[in-house]
Amino acid sequence: MKIVAGGGSLGARILDIDLAQPLAEADHRAIEAALGRHGVVSFPKQALQAPHLKAFAGRFGTLEVNVANMYFEPGLPEVMILSNMVENGKPVGLSDAGQDWHTDMSYSRTIAFSNVLYGIRIPMRDGKSLGNTEFSNMHAAYDELPDALKTELDGMTITHDFNKFWEMMRREKGSTRPPLTEEQKRRKPPVSHPVFLTHPITGRKVLYANPGYSVRINELPEARSAEVLDFLFRHQLQEKYRYRHQWQEGDVLMWDNMGTIHNAVADYRPDEPRLIKRCQVMADRYFPDQY
Ligand code: OGA
Ligand code: MN
């Protein structure tokens with residue numbers, strides 16, 4: 001296995017490994033270390049079936065089964081399907097996942113460790129891939145916060161709410177998703193996490209806030225919380241922290257959901273098919289008792 005750093009602060013390619021084969025312990029550990037260090041890693045030219053993807057991702061922790069999700073591999077609810085394709089009048093997958101800046105599962109008591117995506121069909125136009133996935137580096141964003149803010153926010157917590165992203169999609173992106181029912185809201189109540197997490201792989205602090213789900217800094221008065229969140233959202237999205245994965249068919253893309261935030265770029269049309277299979281690894285192995 002060969003790890004080739006991308007040159008920036010995020011992104012590496014991992015070559016000479018076949019993810020359809022069971023993962024050796026040493027490779028597992030090396031991938032975990034690469035994920036901490038580079039935030040986003042890609043494995044080009046993989047040929048996987050859904051059970052391979054599940055077996056690979058499952059080595060890193062418990063896989064999320066999203067009960068609200070209608071699109072998954074038959075018999076394998078851990079393998080979600082993201083797609084804009086329609087077959088026999090039925091959507092093949094979830095068509096608008098992640099289309100603004102967010103962190104997967106920050107709204108959940110057990111947060112996400114890593115999302116593992118396998119790109120099967122990638123839209124192309126004029127020789128360029130569309131539907132890129134963008135990332136921003138939360139180790140760097142933490143490091144460069146003003147000292148006074150690091151001190152002020154130390155030990156504080158943020159409320160994350162699933163409904164924030166949901167309502168933003170309805171309001172701003174023309175999504176046809178219906179409002180969450182009271183029952184769905186009850187099943188996904190807002191949760192709190194530290195503003196600064198100690199990253200379980202790197203041992204360094206990361207800024208654990210994101211525009212998609214973060215709604216309130218609990219220990220600050222309402223107005224100060226709004227002001228600080230607004231600052232954090234702008235700070236964490238500065239161009240210098242960004243990285244963009246340009247997909248190729250056969251890529252497995254794996255990212256660190258604590259050390260990065262991400263955004264799915266919706267720049268392709270309904271007649272430009274995108275098909276991705278996805279396994280979300282929860283951080284239960286790293287935070288068995290929550291922080
Ligand atoms: C996700 C997500 C990005 C993409 O699956 O959580 O944000 O590019 N996907 O599909
Ligand atoms: Mn996502």
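Some observations on this one:
- Share antiparallel - DSSP beta bridges, the chain, percent rounded to 5: 95 percent
- If the segment from residue 269 to residue 172 were pulled out straight at 0.36 nm per residue, it would be longer than the present Cα-Cα gap by 33.1 nm.
- Scattering profile of region 189-272 at q = 0.17, 0.25, 0.26 Å⁻¹ [log10 I(q)/I(0), Debye over alpha-carbon scatterers]: -0.88, -1.38, -1.42
- Applying the Karplus relation 6.51 cos²θ - 1.76 cosθ + 1.60 with θ = phi - 60° to region 191-208 yields 3J(HN,Hα) values of 10, 10, 9, x, 5, 10, 9, 7, 5, x, 9, 8, x, 9, 7, 10, 7, 9 Hz, where x marks Gly and Pro.
- Long pairs among 45/173; 173/205; 54/205; 128/164; 128/240, criterion Cα-Cα beyond 25 Å: 45/173; 173/205; 54/205; 128/164
- When Rg and the Kirkwood Rh are both derived from Cα coordinates, the Rg/Rh ratio for region 39-109 amounts to 0.96.
- The chymotrypsin sites (Phe, Trp or Tyr not before Pro) of region 1-88 include none that meets both conditions, a loop assignment by DSSP and at most 11 other Cβ atoms within 10 Å of the site Cβ.
- The spacing between region 163-188 and region 241-270, judged by their C-alpha centroids, is 23 Å.
- Model label zone, residue 143; criterion: amide N under 12 Å from point 7 Å along Cα-to-beta-carbon; scope region 234-253: 241
- Placing +1 on each Lys and Arg Cβ and -1 on each Asp and Glu Cβ, with no other charges, gives region 137-236 a dipole about its Cα centre of roughly 540 debye.
- Amide hydrogen neighbours beyond the local backbone of residue 100, cut-off 5 Å, H modeled: 264
- Under Karplus coefficients 6.51, -1.76 and 1.60, residue-wise ³J(HN,Hα) of region 96-112 in Hz, glycine/proline x: 10, 5, x, 8, 5, 5, 6, 10, 4, 6, 5, 7, 10, 4, 8, 7, 7
- D_trans [Stokes-Einstein, Kirkwood Rh over alpha-carbon pairs] for the chain, 20 °C, 1.002 mPa s, µm² s⁻¹: 110 µm²/s
- The local environment of residue 17, defined by Cβ-Cβ distances under 12 Å, has a net charge of 0 under the rule Lys, Arg +1 and Asp, Glu -1.
- Region 82-95 - phi-based ³J(HN,Hα) in whole Hz, Karplus 6.51/-1.76/1.60, Gly and Pro as x: 10, 6, 9, 7, 10, 10, 6, x, 10, x, 7, x, 6, 9
- Additional length obtainable on full extension of the chain from residue 151 to residue 45, 0.36 nm per residue less Cα span: 33.6 nm
- Debye equation applied to the C-alpha atoms of region 137-236, log10 I(q)/I(0) at 0.21, 0.24, 0.25 Å⁻¹: -1.09, -1.27, -1.32
- Loop-located trypsin sites (Lys or Arg not before Pro) across region 1-67 with a Cβ neighbour count of 11 or fewer within 10 Å are 45, with loop assigned by DSSP.
- The heavy atoms of residue 86 offer some 100 square angstrom of accessible surface to a 1.4 angstrom probe.
- For residue 208, the residues whose amide H sits under 5 Å from its own are 196, 197, ignoring neighbours fewer than 5 places away on the same chain, with H placed 1.01 Å from N.
The values are calculated or read from the model by the stated rules, or taken from the named source; none is laboratory data. It should be emphasised that the depicted structure is a prediction, and the values quoted were computed from it without experimental measurement. Because the Cβ atoms are built from the backbone with ideal geometry, glycine has one as well, and the counts that use them run over all protein chains shown. With ligands, DNA and RNA removed, areas are computed over all heavy atoms of the protein, side chains included. Shrake-Rupley method; radii C 1.70, N 1.55, O 1.52, S 1.80 Å.
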